[in-house]
Amino acid sequence: MGAVREPEEGSARGLVYRADKLGMVLIHHSVKLIKFADDTTLIGLISNGDETAYRREVARLVSWCGHNNLQLNAQKTVEMIVDFRKVTAPLPPLALMDSPITITDSFRFLGTTITRDLKWEPTISSLIKKAQQRMFFLRKLRKLKLPPRMLAQFYTAIIESILTSSITVWFAGATVRDRLRLQRVVRAAEKVIGCRLPSIQDLYISRTRRCAGRITADPSHPGHGLFSPLPSGRRLRSIRTRTSRYTNSFFPSAIRLLNTK
């Protein structure tokens with residue numbers, strides 16, 4: 001997944017549903033449509049309690065699918081509300097074709113668990129569990145006397161790829177405890193293989209810089225304008241943030257890394 005900037009004011013509502021095809025174009029700039037395979041996510045920014053644009057796009061979605069012979073499954077559709085305001089008011093429920101939509105505290109998006117409080121412990125726990133299961137095969141290969149070079153290749157392809165799934169999104173916002181849990185898996189693999197392996201921190205830095213480099217080189221990318229150089233041309237302009245959640249999200253973190261080269 002790509003990284004989404006967290007709104008510092010207001011709340012966000014996200015609608016996740018399944019459809020076979022979608023070529024619909026949205027009208028309101030405060031509502032975004034993310035499509036991958038047969039899963040589609042509709043994200044709306046609610047400011048000052050005004051849900052007009054969000055609900056209008058949901059209605060347009062239902063109408064568009066009806067005119068294009070697509071059937072939306074309300075039972076597989078969920079909604080998640082992200083709201084960090086100190087004083088919140090309950091938002092009116094949303095219905096899809098007269099069927100109420102279930103409000104959830106989390107959902108999986110391209111293998112990453114997103115929670116309404118934007119904490120990454122569920123995602124990290126899931127990745128660690130998968131990586132530890134595959135450590136069994138690494139130990140079996142060592143018993144078969146495979147050379148360390150081949151064991152390291154197996155680790156990179158099968159275990160490291162899991163530990164670093166969407167790492168540019170969640171690592172900066174991970175707690176110290178979760179980072180240590182990830183690194184313990186790497187240390188266990190080092191003992192099995194018998195050689196040093198790249199740390200999770202180093203992998204995060206290299207991949208974030210690589211991802212940021214692709215964005216800065218692509219003027220058509222939606223986040224291209226966030227990488228704005230200072231008049232000197234040697235550093236990028238920092239993004240002003242008011243919360244640690246925003247500070248530890250992808251774009252501010254990537255700019256900090258690029259400025260420390």
**Q.** In nm, spacing of pseudo-spin labels at Ser125 and Gln75 (7 Å Cα→C-beta vector)
**A.** 2.8 nm
Q: Would you work out which of Ile215, Gly173, Leu138 lies farthest towards the positive end of the dipole of the stretch 120-260? Charges go on Cβ: Lys and Arg +1, Asp and Glu -1.
A: Leu138
Q: Would you work out which of Thr243, Ile205, Ala189 lies farthest towards the positive end of the dipole of the stretch 120-260? Charges go on Cβ: Lys and Arg +1, Asp and Glu -1.
A: Ala189
**Q.** Pairwise FRET efficiency - Ser232 versus Ser206, Cβ, R0 = 25 Å, nearest 0.05
**A.** 0.50
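For a protection proxy built on the mean count of beta-carbon atoms within 10 angstrom, sort 206-214, 115-123 highest first, please. Before the final figure, lay out each step's value.
Numbers: 206-214: 15.2, 115-123: 17.1.
Going from most to least packed, we get 115-123, 206-214.
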**Q.** Ranked list, fewest to most other Cβ atoms within 10 Å of each Cβ, for Asp38, Asp178
**A.** Asp38, Asp178
Q) Of the cross-linked pairs Lys86/Lys119; Lys86/Lys130; Lys76/Lys119; Lys86/Lys129; Lys32/Lys130; Lys32/Lys76, which ones have a Cα-Cα span greater than 27 Å in the structure shown? A) Lys86/Lys130; Lys86/Lys129; Lys32/Lys130
Q) Taking Cα atoms, how many degrees apart are the long axis of helix 250-259 and the longest axis of the chain, rounded to 10 and kept between 0 and 90? A) 50 degrees
Q) In Å, what Rg and Dmax follow from the Cα atoms of the stretch 207-258? A) 10.8, 29
Q) Rg (Å, one decimal) plus Dmax (Å, integer) for the alpha carbons of the stretch 168-222? A) 14.5, 45
Q: State the extension gain, in nm to one decimal, for the chain segment bounded by Asp98 and Arg187, taking 0.36 nm per residue of separation less the distance between their alpha-carbons.
A: 26.7 nm
Q. Per residue, what volume in Å³ does the convex hull of the Cα atoms of the stretch 98-191 enclose?
A. 112 Å³
Q. Here are several values of Cα extents along the principal axes in Å: [x] 47, 44, 37; [y] 62, 50, 36; [z] 62, 34, 29. Which one was derived from the coordinates shown?
A. [y]
**Q.** Volume per residue that the Cα convex hull of the stretch 120-260 spans, once the total is divided by residue count, Å³
**A.** 122 Å³
Q. Roughly how tilted is helix 121-143, in degrees to the nearest 10 and between 0 and 90, from the longest Cα axis of the chain?
A. 30 degrees
Q: Hey, can you grab everything whose amide H is under 5 Å from the amide H of Arg235? Only 5+ residues off in sequence or another chain; H modelled, so Pro and N-termini drop out.
A: Leu230
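Where a number appears in this text, it was derived from the coordinates with a stated rule and is not lab data. Note that the structure is predicted; figures quoted are calculated from it, not measured. FYI the Cβ positions are ideal-geometry reconstructions off the backbone, even for glycines, and counts take in every protein chain you see.
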